Amino acid sequence: MDVEQDELMGLLIAVAREDRAAFQRLYEKVSARMFGLCLKLASQRDLAEEAVQDAFVQIWHNAGEYHDERGAPLSWMLTIARYRTLDLMRVRKAKQTSGDSHLEHVEDGREGPLDVSLRSAGAAELTGCLEELSEPQRDSILLSYYRGFTHDELSETLSSPVGTVKSWIRRGLMALKRCLER
């Protein structure tokens, strides 16, 4: 684990003991990245803000359940935020209709978790592998994993049957795995 992850782990341990000061420090360290992720997924500021708030409530209540096997502390917290955002989107039946042009104007100017993970996982290799996929496979994977589209939303967006969309994702992920293992 790196220094940041070690620090986050220490803060989570303190939060599990209901240390409010540690919770405040954890919020200050993670909230901007978490908000950036939620906003990218939801494309709605109010929904992203609610998702971040809900995620931190869950973190406060469940910090004692975090273990190393669940991944890095930051990844664990961002996963909570991601699922909370997707849940809120489903409840509100929010649709992403405004395209991706506004994503460059997200208020948090720092790198987001996707940028960090791509860099650390070898962005050049992943980008190269993504370019080898067919356009429908690449679009399906990116919209599903980074925008949180459901299979039904992908089907509607890509004007293709749900079964076809599922096949594109499955075959695309298998191709990515083979490519990255080379």
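The values are calculated or read from the model by the stated rules, or taken from the named source; none is laboratory data. Owing to the predicted nature of the structure, the values given are computational and were not obtained by experimental measurement. Here Cβ is always computed from backbone atoms with ideal geometry, including for glycine, and neighbour counts include all displayed protein chains. Just so you know, the surface numbers come from the protein's heavy atoms only, side chains and all, with ligands and any DNA or RNA stripped out. Shrake-Rupley method; radii C 1.70, N 1.55, O 1.52, S 1.80 Å.
Summed over segment 64-83, residues that are modelled with pLDDT of 85 or more and farther than 22 Å from Gly36 by Cα total 2.
Yes/no matrix, rows are residues, columns are (1) without any contact (Cβ under 8 Å) to a residue 60 or more places away in the chain; (2) out of contact with any strand residue (DSSP E or B) (no Cβ under 7 Å at 6 or more places or on another chain); (3) open to solvent by less than 60 Å² (accessible area, probe 1.4 Å):
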site: Glu28; (1), (2), (3): yes, yes, no
site: Arg33; (1), (2), (3): no, yes, yes
site: Gly36; (1), (2), (3): no, yes, yes
site: Leu41; (1), (2), (3): no, yes, yes
site: Asp46; (1), (2), (3): yes, yes, no
site: Gln53; (1), (2), (3): yes, yes, no
site: Trp60; (1), (2), (3): yes, yes, yes
site: Tyr66; (1), (2), (3): yes, yes, yes
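Among residues of segment 79-94 that are at negative phi, those with a beta-carbon under 7 Å from a residue that is outside any helix (DSSP H, G or I) and modelled with pLDDT of 85 or more at least six positions away or on a different chain give the pairs Ala94/Gln44. Kindly indicate whether any position in segment 79-91 is open to solvent by less than 40 Å² (accessible area, probe 1.4 Å), in contact with a Phe, Trp or Tyr (Cβ under 8 Å, 6 or more places away or on another chain) and either of a type in the set (Asp, Glu) or closer than 30 Å to Thr157 by Cα (or both). No, every residue in segment 79-91 fails to be open to solvent by less than 40 Å² (accessible area, probe 1.4 Å), in contact with a Phe, Trp or Tyr (Cβ under 8 Å, 6 or more places away or on another chain) and either of a type in the set (Asp, Glu) or closer than 30 Å to Thr157 by Cα (or both). Residue pairs whose Cβ atoms lie under 9 Å apart, separated by 6 or more positions or on different chains, with the first residue in segment 166-182 and under 10 Å from Cys129 (Cβ atoms) and the second open to solvent by 100 Å² or more (accessible area, probe 1.4 Å) and not acidic (Asp, Glu), do not occur.
In the set (1) open to solvent by 90 Å² or more (accessible area, probe 1.4 Å); (2) within 18 Å of the chain's Cα centre (by Cα), the condition left unmet by Arg20 is number (2).
If we keep just the residues of segment 142-182 that are among the β-branched types (Val, Ile, Thr) and open to solvent by less than 30 Å² (accessible area, probe 1.4 Å), which is nearest to the chain's Cα centre (by Cα)? Let's see the steps before the verdict.
Going residue by residue through segment 142-182, those that are among the β-branched types (Val, Ile, Thr) are 150, 157, 162, 164-165, 169.
Still in the running and open to solvent by less than 30 Å² (accessible area, probe 1.4 Å): 165, 169.
Working: Val165: 21, Ile169: 17 Å.
Among residues in segment 142-182 that are among the β-branched types (Val, Ile, Thr) and open to solvent by less than 30 Å² (accessible area, probe 1.4 Å), the one nearest to the chain's Cα centre (by Cα) is Ile169.
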